[in-house]
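The values are calculated or read from the model by the stated rules, or taken from the named source; none is laboratory data. Quick caveat: nothing in here was measured; it's all calculated off a predicted structure. We place every Cβ from the backbone using ideal geometry, glycine too, and count neighbours over all the protein chains shown. All accessible areas refer to the heavy atoms of the entire protein, side chains included, with ligands and DNA or RNA removed. Shrake-Rupley method; radii C 1.70, N 1.55, O 1.52, S 1.80 Å.
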Amino acid sequence: MQKTPFVTKELVEEIVKTYPTPFHIYDEKGIRQNALALKEAFAWNKGFKEYFAVKAAPNPFLLQILKECGCGCDCSSLTELMLSEAVGVIGNSIMFSSNDTPSEEYLYAAKLGAIINLDDITHIEFLEKTLGRLPETVCCRYNPGGTFSIANSIMDHPGQSKYGFTEAQLFEGFRMLKEKGVKNFGIHAFLASNTVTNEYYPALARQLFQLAVRLQRETGAHIAFINLSGGIGIPYRPDQEPNDIRLIGEKVRQVYEEILVPAGMGEVSLCTELGRFMTGPYGHLITKVIHQKHIHKEYLGVDACAANLMRPAMYGAYHHITVLGKEEAPCDHLYDVVGALCENNDKFAIDRRLPETFPGDLLVIHDTGAHGFSMGYNYNGRLLSSELLLREDGSVQLIRRAQQPRDYFATFDCFPIFEKLKG
Ligand SMILES: *Cc1c(COP(=O)(O)O)cnc(C)c1O
């Protein structure tokens, strides 16, 4: 499938008159349509709710849009809780799915009335000590260990992951929590990431539903919800088939009817904590080619770098690139597209076939709407870009200004750097 940007060359040329490159831009219409499609796919489940994984795109303007589409927030740190609070997403619209959690963060989450998702059996006492008493509703994260695979399409290694309770700990933990007065229980698991297959959620649901039936029977705990967490992926590569969320919802419904309903658990709510699926395809990193270099290979130097999008450098991740205005030109040149970090892994693409490209050309780096800007960092003193929103009416709004040197230096209160800079 061809990957088409949601912006045109004309629009970007207009935008850069006000907001210079590099910047991330998000497509409000795409985000809304996709969020509503998810909601419809699970509408058969009365209590269904998506808790957007804030770490994927921690911008209050985006959280506000998702809130309007009925989403809550999945948070895992103090500042994520604060962001959620700032857009009025509080109470049981927050799922606090943290791990290795400091007590101040549990306190803040409890103050907001968030649903707390415990990552470990020892956190039961830790939380009780921190809060004075346990909340009425508690979720526990499950780690089955071993490997998780589906018909050789995906494979992950829960046995190597730091998260969650073992199965035995989950049974013991539920008994402890029940004794301590907890009334409503949730189960959560995140077993594979960026799954581009319609089989992941149904397979995960089967495991969790079977476990839920046994847990309720054996511990007497009332299971109120099952949290399928994140992990539904997006087609970063043009040859990948996107997930069909309607089909995923329908397949999960079949497993629900098969396992939970006969066990008398037809009231259990489902929830999700999707991040990548919610915003990933609806973000672009727009960057300008500023240099071209020919040595042992052919390089295009752009004005963005890994500080603006870390995934290629960190995971070797593929992000598709479109040269604006050359969408129809043959891809008959081979380039490495690189940023300015003094790190040789600062490459958005290696040996990428593109149309012939020159300094001044504007590039769209696709699928940066999740785990893109948010993974940014300041190595080499490189500054974070602005974030823009393409509104449904076609207008463009600044939703985060670009970092300035003064922001980078702001934490040097202990060194009179500003006076020195002013000369
Ligand atoms: C990162 C994360 C998510 C979101 O994952 P995606 O792959 O973006 O869907 C959801 N829940 C938890 C606990 C996470 O850590």
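Residue 232 passes every criterion in (1) open to solvent by less than 10 Å² (accessible area, probe 1.4 Å); (2) within 30 Å of residue 340 (Cβ to Cβ); (3) within 15 Å of the ligand (Cβ to nearest atom); (4) of a type outside the set (Asp, Glu) apart from (2).
Taking the numbered list (1) assigned to a loop (DSSP other than H, G, I, E, B); (2) away from the ligand (no atom under 16 Å from the Cβ); (3) within 18 Å of the chain's Cα centre (by Cα) in turn, residue 261 passes all entries but (3). Scanning the range 201-218 for residues that are open to solvent by less than 20 Å² (accessible area, probe 1.4 Å), away from the ligand (no atom under 15 Å from the Cβ) and over 11 Å from residue 265 (Cα atoms) gives 202, 205, 211, 215.
Considering only residues in the range 113-130 that are open to solvent by less than 20 Å² (accessible area, probe 1.4 Å) and assigned to a helix (DSSP H, G or I), the one that is farthest from residue 226 (Cα to Cα) turns out to be 127.
Residues in the range 86-100 that are part of a loop (DSSP other than H, G, I, E, B) and touching an Asp or Glu at 6+ places or on another chain (Cβ under 7 Å): 97, 98, 99.
Mind counting the residues in the range 174-192 that are open to solvent by less than 60 Å² (accessible area, probe 1.4 Å) and either touching a helix residue (DSSP H, G or I) at 6+ places or on another chain (Cβ under 9 Å) or assigned to a helix (DSSP H, G or I) (or both)?
10
If the condition is being more than 16 Å from the ligand (Cβ to nearest atom) and in a helix (DSSP H, G or I), then the range 51-71 contributes 60, 61, 64, 65, 67, 68.
A count restricted to the range 355-373 and to residues that are without any contact (Cβ under 8 Å) to a residue 40 or more places away in the chain and open to solvent by less than 20 Å² (accessible area, probe 1.4 Å) stands at 1.
Based on what the data block shows, is residue 49 free of Cβ contacts under 8 Å to residues at least 40 places away in the same chain and surrounded by fewer than 23 Cβ atoms within 10 Å (Cβ to Cβ)? Criteria not met by residue 49. Is one or more of the residues making up the range 268-275 open to solvent by 20 Å² or more (accessible area, probe 1.4 Å) and either within 13 Å of the ligand (Cβ to nearest atom) or in a helix (DSSP H, G or I) (or both)? No, the range 268-275 has no match at all.
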